[in-house]
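The values are calculated or read from the model by the stated rules, or taken from the named source; none is laboratory data. Predicted, not measured: the structure shown is a model, and the values here were computed from it. Note that we place each Cβ from the backbone using ideal geometry, even for glycine, and neighbour counts take in every protein chain shown.
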Amino acid sequence: MKQVKINKRNWTAGFVVASFLILSGCTQLEEQESPTTQTTQDTVPVQATSNQLSNDYYRALIVDGKYQSSQNRGVSLNLNSSINMKDFESELLDISKNVFPIDQYYFQEGQVIDASTALEWISRKSEDNPNGLNPEGNNETDPSKRVPIYLSQILEQNYMVQTETGFELGGIAIGLAMNETDYYSVKNEEELINNYEQPLDRADVIERAKEYGNEIVSRLRAVSGLEEIPIVVGIFVQSEQDSLAGGVYTHEGLSTTGGRVEEWNERNDHKVLFPTDEESEDASHFANFKNEIQEFFPNLSGVTGIGNYRNSQLLSLEIDIMTQFYGETEMIAFTQHITDAATQYLPQNAQIEIKIESIDGMEAFLAKEQSSQTFTFHIFD
């Protein structure tokens, strides 16, 4: 068991850096032809970062001395919740690992689809916007009559390979964030805003997502240089706005050549919010853990967890604990007890992250890899 003390004010920046996919690789300056939606391509110096945080992360490229943000970043950040946004990005990385191995590819945020193009594609189709993927509206506001918005956002990730002359685009991943509930607002005659929720049929959402994915692949194939680049497409169905658990990728597909996905594969992923009324071994483990730490410190504000499953197997568990005490000695004792309780009660073959928070912010953080039985924890000053 390893303990590290970190100043709480440095937590946000430090955690972002530690969680991000920047990683190791070559330090030699090379040249790259950057893919864009234009037919012309610029040559700029490229280098990889010099440290690798984990073999689970892609190595990242620094172009002309700067990290390259996504060309459509402002558009792709608007989802139902921050939880959906996090899962939309991170789980597309997991899908990509099966096609673009971490030890062979470098990561770069999307540089092909720019913001104006992404906004055009996720908007409704109309005479003024013939490239819109969402269906044309019918001017209805009643949820039972209105034509909904199905496609919420498009996310692009690029995967680069190193050659004798530099780095070049080796693959593209596209994430499609789909609505299972379409939230929209309408002004009435008094200029007051009424908010509506329009539930959608998941089977219909998935079929439309496959159509959108094929159309996007076809459009990307029309860009010079992308005719034979492998393109991965993932279909992400968002969770509800008030859900503590994010959405999941329901399907993935690959296009190695041609203007469509060759085959769609269903992903048996789902999430469970703990505590739950459902009877299962994992639910029992979580309940025992929760009861144990609440007996130790009965003034906890809440203990919740999100379990991420694939093929009915728990892959990871993220636990949030809210406290009402602030003394450093109390926090040290509490963190140590949580470590003991987690080791005793929580599933051993799953990745586990535990955040302990108070009104002052993050107090402590514990983590265990799927292959390990040992927790590492950090306590913040």
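Miscellaneous remarks
- Flag for Thr141 being outside any strand (DSSP E or B), surrounded by 12 or more Cβ atoms within 10 Å (Cβ to Cβ), assigned by TED's automatic domain parsing to the domain that holds Arg221 and within 26 Å of the chain's Cα centre (by Cα): no
- Test: Glu190 is over 21 Å from Phe88 (Cβ atoms), in the same structural domain as Leu92 (by TED's automatic domain parsing) and modelled with pLDDT under 95: yes
- Considering Ser358, Ser371, the condition of being over 17 Å from Pro275 (Cβ atoms), exposed (fewer than 13 other Cβ atoms within 10 Å of the Cβ) and among the hydroxyl-bearing types (Ser, Thr, Tyr) is satisfied by Ser371 alone.
- Flag if Leu366 is surrounded by 15 or more Cβ atoms within 10 Å (Cβ to Cβ), in contact with a strand residue (DSSP E or B) (Cβ under 8 Å, 6 or more places away or on another chain), of a type in the set (A, V, I, L, M) and touching a residue at least 60 places away in the same chain (Cβ under 8 Å): no
- Members of the stretch 147-170 that are in a strand (DSSP E or B) and aliphatic (A, V, I, L, M): Leu151, Ile154, Leu155, Met160, Val161, Leu169
- The stretch 196-250: number of residues that are closer than 11 Å to Leu176 by Cβ and free of Cβ contacts under 8 Å to residues at least 12 places away in the same chain: 1
- The single residue among His270, His337, His378 that is under 30 Å from His251 (Cβ atoms) and either outside any loop (DSSP other than H, G, I, E, B) or in the same structural domain as Gly234 (by TED's automatic domain parsing) (or both) turns out to be His270.
- Test: residue in the stretch 231-239 that is buried (at least 17 other Cβ atoms within 10 Å of the Cβ), in a loop (DSSP other than H, G, I, E, B) and under 18 Å from the mean Cα position of the chain (by Cα): yes
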